[in-house]
Amino acid sequence: MKLWSVVENNKPLALIEKPDPVPTGRQVFVEVTHCGVCHSDLHFVHGEFDLGGGQVLKVTDRGVTLPCAPGHEIVGRVTALGPDAAGVEIGDERIVYPWVGCGSCELCLSDDENLCYQPRGIGTIQDGGFGSHLLVPNETYLFPFDGVDPAVAATFACSGLTAYSAIRKLGELDPDAPILLVGAGGVGLVAINLLRAMGHSNIIVADVSAEKRQGARDAGASAAVDNTGEGAVERVLEASGGLMQAAIDFVGKSATVALTLDCLGKKGKMVLVGVGGGEMPLSLPALIFRPRSIIGTITGNRQELRDVIALAQSGKFKPGPVTLMPKDSANEALDRLRNGDVIGRIVLERAD
Ligand SMILES: [Zn+2]
Ligand SMILES: [Zn+2]
């Protein structure tokens, strides 16, 4: 198998060849046909996350050993089965649920495997979809997606799942209540589409890029506001008609979190998705006098992935644009994402 891998952080990916593993037990060997390119792949190449206050989290401290191939938005075709594998057949096309944990702790057993303290994520800790093939622990990591374009289905494993899980954490909301989304990159655009599929009509987007704001309007946002410079909070509140109860920050920088909290009214909830990095001063009494919640979220669980697939199959969820690039242009795809030169998602496609 061939893997476009991080060999050294902050360097272009290199093509590495390894012998194909022979699946044992319940393992399933999958040929990758499609793999989305996500912002966290950039962090993975860069090798660290900015935790704020001068602290960084290195990916190698999370259990990654280099070389390692990124890519966690994967659709593939089953090409070999371990002797005890069940529930899938050779030739089946499946979405790979990449958020592999230990499989035996309380979190894993209660379908929160994405939160396991011993993560072994495909494309985040172990080799991922920027390769020709990968080994999946068993069939419970594979999901059928009949009727959905495989390039689009690949994006459900991270951007779709992450956006959906963030929305669910806002709790029950009136369909007409304004919802603030900060950041209209890949995941933000998916959230617009999902919210509309779930019956929400009042979606206020804030983004620093005019092009991304237009992308948000095209995806069905009710308003898209520039959040750069002075008066950003006022501009957002003018668009929403006042303080809001629900917001999701897909950027996650000090400035965007501060703006989001300022736009929330009493009992408002913000869900933090983006790992832009940094820290922020927070008035603690202000959080009590105007009670608000900040809820962190990361990816999602299997049931949420099933829900996203079902929403797409129902025709209600119409995912945003996908730009196809050949598998061997992984480095070019990462450059385009790094330069912000993408509307929606880049998906690497296997050449036939
Ligand atoms: Zn991702
Ligand atoms: Zn676990």
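Let me confirm something: among VAL190, VAL251, VAL225, which residue is within 30 Å of ASP92 (Cβ to Cβ) and among the hydrophobic types (A, V, I, L, M, F, W, C)?
It is VAL190.
Yes/no matrix, rows are residues, columns are (1) within 16 Å of ligand 1 (Cβ to nearest atom); (2) outside the structural domain of ALA197 (by TED's automatic domain parsing):
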residue	(1), (2)
ALA286	no, no
GLU304	yes, yes
VAL308	yes, yes
LEU311	no, yes
SER314	no, yes
PHE317	no, yes
ASP328	no, yes
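Can you tell me which residue is nearest to GLY296 (Cα to Cα) among those in the range 12-53 that are assigned to a loop (DSSP other than H, G, I, E, B) and β-branched (Val, Ile, Thr)?
Once the filter is applied, the top-ranked residue is THR24.
Being aromatic (Phe, Trp, Tyr) and either within 16 Å of ligand 1 (Cβ to nearest atom) or not assigned by TED's automatic domain parsing to the domain that holds ILE343 (or both) is the filter here, so list the residues in the range 5-51 that pass it.
Once the filter is applied, which keeps residues that are aromatic (Phe, Trp, Tyr) and either within 16 Å of ligand 1 (Cβ to nearest atom) or not assigned by TED's automatic domain parsing to the domain that holds ILE343 (or both), the range 5-51 yields PHE44, PHE49.
Looking only at residues that are surrounded by 13 or more Cβ atoms within 10 Å (Cβ to Cβ) and among the acidic types (Asp, Glu) in the range 43-100, which one is nearest to the chain's Cα centre (by Cα)?
For the range 43-100, the residue satisfying everything is GLU73.
Filter the range 61-102 down to the residues that are under 17 Å from LYS18 (Cβ atoms) and outside any strand (DSSP E or B), then identify the one that is nearest to ligand 2 (Cβ to nearest atom).
VAL64
Please report, ordered by residue number, the strands (runs of 3 or more DSSP E) entirely within the range 261-352 with at least 2 residues that are surrounded by 20 or more Cβ atoms within 10 Å (Cβ to Cβ) and within 17 Å of the chain's Cα centre (by Cα).
Strands (runs of 3 or more DSSP E) meeting the threshold: 264-272, 345-349.
Residues being away from ligand 2 (no atom under 14 Å from the Cβ), under 25 Å from ILE346 (Cβ atoms) and part of a loop (DSSP other than H, G, I, E, B): count how many of those fall in the range 103-143.
So the count comes out to 7.
The values are calculated or read from the model by the stated rules, or taken from the named source; none is laboratory data. Values in this document were obtained by computation on a predicted structure and should not be read as measured data. Neighbour counts are summed over all protein chains in view; Cβ atoms, including those assigned to glycine, are modelled from backbone coordinates with ideal geometry.
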